[in-house]
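Remarks on the structure that follows.
The values are calculated or read from the model by the stated rules, or taken from the named source; none is laboratory data. Keep in mind the model is a prediction, meaning the values are calculated, not measured. With ideal geometry, Cβ positions are generated from the backbone for all residues, glycine too; neighbour counts draw on all protein chains shown. Just so you know, the surface numbers come from the protein's heavy atoms only, side chains and all, with ligands and any DNA or RNA stripped out. Shrake-Rupley method; radii C 1.70, N 1.55, O 1.52, S 1.80 Å.
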Amino acid sequence: MKFQTRPLRNAALALAATLTLGTAQAQETFRIGYIYPSPAADVGWAHELDEGRRAVEEHFGDKVESIIVENIPDGPDAARIMNQLAAQGVNMMMLGSFGYMNDGLKTAKRYPDIDFIHASGYKTLENMGNFLTRNHESAYVSGMAAGYVTQSGVIGMVASYAIPEVIGIINAFTLGAQEVNPDISVKIVWLNSWFDPSKAQESARSLIAQQSDVIFSIYQDTPSVVTVAEEEEVYVVNTSSDMKAYAPKYLLASMKVSWGDYFIEQVQASMDDSFTGSSFWGGMADNAVSVESISDDLSEEQRAALDERIAAITAGEFQPFAGPVVGQDGKEIVAAGDTLSDADLLGISWLVQGIETRLPQ
């Protein structure tokens with residue numbers, strides 16, 4: 001049985017309804033609570049988390065029961081939902097937002113018999129792990145595509161929050177574009193939101209008015225930016241899902257993530273009482289990230305260059321942050337022959353040269 005809630009006001013009601021199920025059913029199935037920061041629509045971040053949930057259900061069948069709570073903002077509401085799920089007797093929780101981290105830690109400490117996996121975080125406990133994807137890998141390749149098609153030399157980015165994961169994506173995309181077009185410049189609008197369709201659309205139009213002829217939509221959990229680009233006839237790249245259906249002419253590439261294998265592995269470990277609070281960072285080599293729906297407007301030579309990069313990254317023969325890498329202020333950050341470590345990437349707080357917009361203070 002699956003309880004699904006869309007508006008926040010219904011979340012508590014749906015969770016309360018599960019109290020009537022009785023403990024016998026709870027013991028017969030492995031119960032997993034999924035909390036999403038936005039609606040699990042047909043595309044976007046929450047959609048791909050939900051695809052991971054679907055993979056778990058397909059793999060384990062009636063051995064698992066899912067409780068899904070959607071569109072939950074960071075903060076007190078998320079903390080309340082976590083505690084309600086714990087009171088329902090879930091065996092495991094999937095926390096789908098970076099902003100759930102600290103409340104997740106508190107809940108995990110309060111309920112040591114429940115296992116937690118947390119998206120995009122960096123803190124762990126014995127019963128709380130985290131998971132990330134190496135989106136900088138697919139961003140670099142997508143940036144190359146942007147560098148090939150831009151005529152103005154200006155790329156506009158509609159970005160969610162200035163957290164390390166997003167900063168890494170922005171930098172890798174810019175470096176990929178600069179590989180094929182060294183004179184690229186980048187403008188960013190920071191939304192400070194995972195889900196604000198109207199503001200995202202306004203930001204995309206503003207960037208287009210500033211001569212951006214490629215738009216990059218970063219962690220906007222709707223196709224709002226993608227549809228604006230299609231209407232304005234400029235190329236667009238997006239994160240999380242393949243959004244080709246929303247921009248059949250002007251989608252340049254989609255950076256897709258896949259969580260199914262990881263979710264299945266973690267659920268099995270929790271079922272087996274072998275769960276450990278570890279960190280997973282999956283990339284192309286793990287089939288966790290990919291570049292989908294690459295535009296046919298690229299030439300055969302350009303597409304071949306992208307395919308070569310994908311193969312090299314997958315084989316571990318190329319690193320998007322291999323030096324030399326120069327920062328926004330003109331100082332060298334990564335020397336030739338070096339590359340950023342995972343620890344450096346997880347804490348990245350600087351932008352590369354060629355990006356005009358500064359990080360918010």
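Helix 300-314 and the longest principal axis of the Cα set of the chain meet at an angle near 50°. Between S349 and A315, the modelled label-to-label distance comes to 3.8 nm, taking each label 7 Å out from Cα in the direction of the beta carbon. For region 86-102, 3J(HN,Hα) computed residue by residue from phi via the Karplus equation (6.51, -1.76, 1.60; θ = phi - 60°) reads 4, 5, 6, x, 5, 8, 7, 10, 10, 9, x, 9, 3, x, 7, 4, 5 Hz, glycine and proline entered as x. All distinct Cα pairs of the chain go into the 1/r average, and the inverse of that average, the Kirkwood radius, is 20.9 Å. Accessible surface of the chain, 1.4 Å probe: 47 percent of it comes from carbon and sulfur atoms. With N counted as the residues of region 170-219, its alpha-carbon radius of gyration over 2.2 N^0.38 Å works out to 1.22.
Axis of helix 197-209 versus longest Cα principal axis of the chain: the two differ by about 10°, to the nearest ten degrees. Using all pairs of distinct alpha-carbon atoms, the Kirkwood hydrodynamic radius of region 181-276 works out to 15.0 angstrom.
How high is the relative contact order of region 184-326, given as a whole-number percent (alpha carbon pairs under 8 Å, six or more residues apart)? Present the calculation step by step, with values, prior to reporting the outcome.
Values: 164 pairs, mean separation 22.0, N = 143.
This gives 15 percent for region 184-326.
The string of couplings for region 183-190 from the Karplus curve (6.51, -1.76, 1.60, θ = phi - 60°) is 8, 4, 10, 10, 10, 10, 10, 8 Hz, one whole number per residue in order, with x for Gly and Pro. The residues packed around P73, meaning those with a beta-carbon under 12 Å from its beta-carbon, carry a net charge of -4 if Lys and Arg are +1 and Asp and Glu are -1. Each part reduced to its alpha carbon centroid, region 187-201 and region 282-305 end up 26 Å apart. Summing charges over all other residues whose Cβ lies under 14 Å from the Cβ of Y140, with Lys and Arg as +1 and Asp and Glu as -1, gives -3.
Comparing S240, N287, Y250 along the charge dipole axis of region 214-290, the residue lying farthest to the positive side is Y250, per the Cβ-charge model.
Diffusion coefficient (Stokes-Einstein, Kirkwood radius over C-alpha pairs, 4 °C, 1.567 mPa s) for region 90-136: 123 µm²/s, rounded to a whole number.
Residues whose amide H lies under 5 Å from that of S290, counting only those 5 or more places away or on a different chain, are K256; hydrogens are built 1.01 Å from N in the peptide plane.
In this structure the chain gives 41 Å² per residue of accessible area when probed at 1.4 Å with all protein chains present.
Treating only the Cα positions of region 260-361 as identical point scatterers, give the base-10 log of I(q)/I(0) from the Debye formula at each q in 0.13 Å⁻¹. So the normalised log intensities work out to -0.75.
Taking all Cα pairs closer than 8 Å and separated by 6 or more residues, the relative contact order of region 150-243 comes to 35 percent.
If you add up the charges near I215, with Lys and Arg at +1 and Asp and Glu at -1, over every other residue whose beta carbon is less than 12 angstrom from its beta carbon, what do you get? Once all neighbours under 12 Å are counted, the net charge is -3. Here the label points at Q151 and Y122, each 7 Å from Cα along the C-beta direction, are separated by 4.2 nm in the simple model. Converting phi to 3J(HN,Hα) with the Karplus coefficients 6.51, -1.76 and 1.60 and the offset θ = phi - 60°, region 157-168 yields 10, 9, 10, 6, 10, 8, 9, x, 4, 5, 4, x Hz in sequence order, with x at every glycine or proline. Cα convex hull, region 37-123: 93 Å³ per residue, rounded to a whole number.
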